[in-house]
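Q: Sharing a structure below in structure tokens format, with a few things to ask.
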Amino acid sequence: MDIELNVAQQQAQSGFRDFVEAMVVPHANEHDRLQKMPEKLIRQVAEQGYLGGIVPAQYGGAGMDAVTWGLLCEEIGRGSASLLSLFTVHGMVIQALLKWGTDAQRQHWLPRLATGEVIGAFGLTEPNIGSDASNIETTATLEQGEWCLRGQKRWISFGQVATLFLIFAQVDGKSTAFLVERSSAGFSTEAITGMLGFRSAMLADIHLNECRIPEANLVGRIGFGFSHVAGAALDHGRYCVAWGCLGLAQAGLDASLAYTGTRKQFGVFLKGHELIQELVADMITQIRAARMLCYRAAFLKQQGDPSLIMETSIAKYFTSRVAVKVSTDAVQIHGANGCSDSYPVSRYLRDAKIMEIIEGSNQMQQIIIAKYGYQDHIMSQRRLRQQGSKSE
Amino acid sequence: MNEESIMTKAADFVSQYLNNAEVDHDVDLFATGMVNSLFAMQLVLFVEKEFALSVDNEDLDLDNFKSINAITGFVCKKLDLTTAA
């Protein structure tokens, strides 16, 4: 596995950093305070081609490789976790269509998603359903040549401004995915505010009151909504979150390194105090390890290897925990300043906590990672026995 | 590549997911609850990488994935290989 960035990836990374430093970092705290992501910034992101990062060139996208997309998510996450969630959910709709859309759906929607003419959002979670996602309560029935959706979705990132939603509903008890435009009859959204983190991620409730959509808006097949359509989308979402957490953690480290080099206590810069060095050393080490897991996930994603799903889960689980630990220590290092919204580290901590919950909570990740470990152990034992038999 | 080798690879993949359990090739893995949605996506990736083919929208049919025999038949069909009657 080659973990050195090639020239093109380095150049892309440099461009991402310049954009985030200029357009995102100076305003992220204000966006968090106002609980709003400005339309202007979304347009700027779109104009850079970033929203179409994973859309293939044939559909007007940038066709980024897995590493480059990861680097973009890292830089965006470093600047604003709320803005990262736009990349995550918009990308999840793109990924679902790329893998399971019809040719007509791809031809119609991917170019528009690539330019940001259409903003995508992912509608799976409901007021009564979180981790138990295969048992959603929203229903869809085919009535007079149209799908009629009834139900509610909650905590939908960028639900306040998205114009195309990937909505999951039960068709005769079978999980199924649908494309729902904001303009659909019976569709409405309600802003959610007052969140712990992701405060400028434009969260919303979605109300589907006999919401009518064309029959052709089904994505995939009836009964394959959660397993395949959501499966593909959530894997992409976890990948974005893993890299975004890496960026978030890096932001906490960068802030801590800068702060400890400018503030003195007891006549010594904070960086001269050994207990501060201990915290910083742990931050550096954990971020290094998190980065390796993200690179591994990228490598496997590029190969289309079946283990990419589990390795992405591992990356998301570990990096989100690192983001929480690093941001917690960053607040500690900043002292009372770290508890003020004049510094970014309190926002990092609040956003990091959200990362442990979204795209499959860390408890769900632990369950599947443990199972994966046992499977892997048994197969490696079997391979060892087979090798032993051959050599006899 | 032939039907037999495809079946062996499919059986090995399923066995790995089921902690080395030997499974009858006709058993409906999903109906019996032996596998879940995570397996479904891993199976798609396995089939695509192992046999260099693409699983598309029109392939989403439980009859293509529900058992080792079904997986074998699906791959043979995609690769235009003759299967045993």
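Q: What are the pairs, 6+ residues apart or on separate chains, where a residue within the stretch A:97-125 that is within 14 Å of chain B (Cβ to nearest Cβ) and in contact (Cβ under 8 Å) with a residue 60 or more places away in the chain has its Cβ under 6 Å from a residue that is assigned to a helix (DSSP H, G or I) and surrounded by fewer than 24 Cβ atoms within 10 Å (Cβ to Cβ)?
A: Qualifying pairs under 6 Å: A:97/A:105; A:97/A:106; A:97/A:109; A:99/A:232; A:100/B:57; A:102/B:57; A:124/A:133.
Q: Further question on the same structure: Taking the stretch B:6-24 on its own, how many of its residues are more than 15 Å from residue B:43 (Cβ to Cβ) and part of a loop (DSSP other than H, G, I, E, B)?
A: Qualifying residue count, the stretch B:6-24: 5.
Q: Do we find that residue A:175 is outside any loop (DSSP other than H, G, I, E, B), within 14 Å of chain B (Cβ to nearest Cβ) and closer than 22 Å to residue A:362 by Cα in this structure?
A: Considered against the rule, which asks whether it is outside any loop (DSSP other than H, G, I, E, B), within 14 Å of chain B (Cβ to nearest Cβ) and closer than 22 Å to residue A:362 by Cα, residue A:175 comes out as no.
Q: Quick one: is residue A:266 among the hydrophobic types (A, V, I, L, M, F, W, C), surrounded by fewer than 24 Cβ atoms within 10 Å (Cβ to Cβ) and closer than 30 Å to residue B:40 by Cα?
A: Details: among the hydrophobic types (A, V, I, L, M, F, W, C): yes; surrounded by fewer than 24 Cβ atoms within 10 Å (Cβ to Cβ): yes; closer than 30 Å to residue B:40 by Cα: no.
Considered against the rule, which asks whether it is among the hydrophobic types (A, V, I, L, M, F, W, C), surrounded by fewer than 24 Cβ atoms within 10 Å (Cβ to Cβ) and closer than 30 Å to residue B:40 by Cα, residue A:266 comes out as no.
Q: Taking the stretch A:24-58 on its own, how many of its residues are buried (at least 20 other Cβ atoms within 10 Å of the Cβ) and more than 26 Å from residue A:295 (Cα to Cα)?
A: Residues meeting the conditions: 4.
Q: Just name the residue that is surrounded by the fewest Cβ atoms within 10 Å (Cβ to Cβ) out of those in the stretch B:43-62 that are touching a helix residue (DSSP H, G or I) at 6+ places or on another chain (Cβ under 6 Å) and at the interface with another protein chain (Cβ under 7 Å from one of its Cβ atoms).
A: B:57
Q: Mind listing whichever residues of the stretch A:9-29 are of a type in the set (A, V, I, L, M) and out of contact with any Asp or Glu (no Cβ under 9 Å at 6 or more places or on another chain)?
A: If the condition is that a residue be of a type in the set (A, V, I, L, M) and out of contact with any Asp or Glu (no Cβ under 9 Å at 6 or more places or on another chain), then A:12, A:22, A:23, A:25, A:28 are the ones that fit.
Q: Considering each residue of the stretch A:326-344, count those that are under 22 Å from the mean Cα position of the chain (by Cα) and assigned to a helix (DSSP H, G or I), and give that number.
A: 3
Q: Now a separate question. Are any residues in the stretch A:343-392 farther than 18 Å from residue A:199 by Cβ and of a type in the set (Phe, Trp, Tyr), and if so, which ones?
A: Correct list: A:372, A:374.
Q: Let me ask another. Check off (1) in contact with a strand residue (DSSP E or B) (Cβ under 6 Å, 6 or more places away or on another chain); (2) part of a loop (DSSP other than H, G, I, E, B); (3) of a type in the set (Gly, Ala, Ser); (4) surrounded by fewer than 20 Cβ atoms within 10 Å (Cβ to Cβ) for residue A:188 and give me the number that stays unchecked.
A: Going through (1) in contact with a strand residue (DSSP E or B) (Cβ under 6 Å, 6 or more places away or on another chain); (2) part of a loop (DSSP other than H, G, I, E, B); (3) of a type in the set (Gly, Ala, Ser); (4) surrounded by fewer than 20 Cβ atoms within 10 Å (Cβ to Cβ) one by one, residue A:188 breaks only (2).
Q: Just need a number here: residues in the stretch A:293-315 that are assigned to a helix (DSSP H, G or I) and either away from every other protein chain (no Cβ under 14 Å) or small (Gly, Ala, Ser) (or both). Explain how you work it out, then say what you get.
A: First, pick out the residues of the stretch A:293-315 that are assigned to a helix (DSSP H, G or I): A:293-303, A:308-315.
Those left that are additionally either away from every other protein chain (no Cβ under 14 Å) or small (Gly, Ala, Ser) (or both): A:293-298, A:313, A:315.
Residues in the stretch A:293-315 being assigned to a helix (DSSP H, G or I) and either away from every other protein chain (no Cβ under 14 Å) or small (Gly, Ala, Ser) (or both): 8 in total.
Q: Could I ask something else about it? Can you tell me which residues in the stretch A:115-139 are of a type outside the set (A, V, I, L, M), closer than 20 Å to residue A:149 by Cα and modelled with pLDDT of 95 or more?
A: Selection gives A:120, A:122, A:123, A:125, A:126, A:127, A:128, A:137, A:138, A:139.
Q: Among the numbered conditions (1) surrounded by fewer than 20 Cβ atoms within 10 Å (Cβ to Cβ); (2) modelled with pLDDT under 95, tell me where residue A:227 comes up short.
A: Against the list (1) surrounded by fewer than 20 Cβ atoms within 10 Å (Cβ to Cβ); (2) modelled with pLDDT under 95, residue A:227 comes up short only on (1).
Q: From the list B:37, B:67, pick out the single residue that is crowded, with 16+ Cβ neighbours inside 10 Å and at the interface with another protein chain (Cβ under 9 Å from one of its Cβ atoms).
A: Checking each option against the conditions leaves just B:37.
Q: Then there's this: Tell me yes or no: at least one residue of the stretch A:373-383 is of a type in the set (Gly, Ala, Ser) and away from chain B (no Cβ under 14 Å).
A: No: zero hits.
Q: Pairs needed: first member in the stretch A:135-154, in contact (Cβ under 8 Å) with a residue 24 or more places away in the chain; second member anywhere, assigned to a strand (DSSP E or B) and among the hydroxyl-bearing types (Ser, Thr, Tyr); C-beta distance under 6 Å; at least 6 residues apart or different chains.
A: A:148/A:141; A:150/A:139
Q: Give me a count of the residues in the stretch A:253-291 that are part of a helix (DSSP H, G or I) and over 21 Å from residue A:314 (Cβ atoms).
A: 19
Q: Any residue at all in the stretch B:38-49 that's part of a loop (DSSP other than H, G, I, E, B) and either over 12 Å from the mean Cα position of the chain (by Cα) or at pLDDT below 95 (or both)?
A: No, the stretch B:38-49 contains no residue that is part of a loop (DSSP other than H, G, I, E, B) and either over 12 Å from the mean Cα position of the chain (by Cα) or at pLDDT below 95 (or both).
Q: Then there's this: So is residue A:221 without any contact (Cβ under 8 Å) to a residue 60 or more places away in the chain and either among the acidic types (Asp, Glu) or within 13 Å of chain B (Cβ to nearest Cβ) (or both) or not? Working first, answer last.
A: Working: without any contact (Cβ under 8 Å) to a residue 60 or more places away in the chain: yes; either among the acidic types (Asp, Glu) or within 13 Å of chain B (Cβ to nearest Cβ) (or both): yes.
It is true that residue A:221 is without any contact (Cβ under 8 Å) to a residue 60 or more places away in the chain and either among the acidic types (Asp, Glu) or within 13 Å of chain B (Cβ to nearest Cβ) (or both).
The values are calculated or read from the model by the stated rules, or taken from the named source; none is laboratory data. Since we're looking at a predicted model, the values are computed, not measured. FYI the Cβ positions are ideal-geometry reconstructions off the backbone, even for glycines, and counts take in every protein chain you see.
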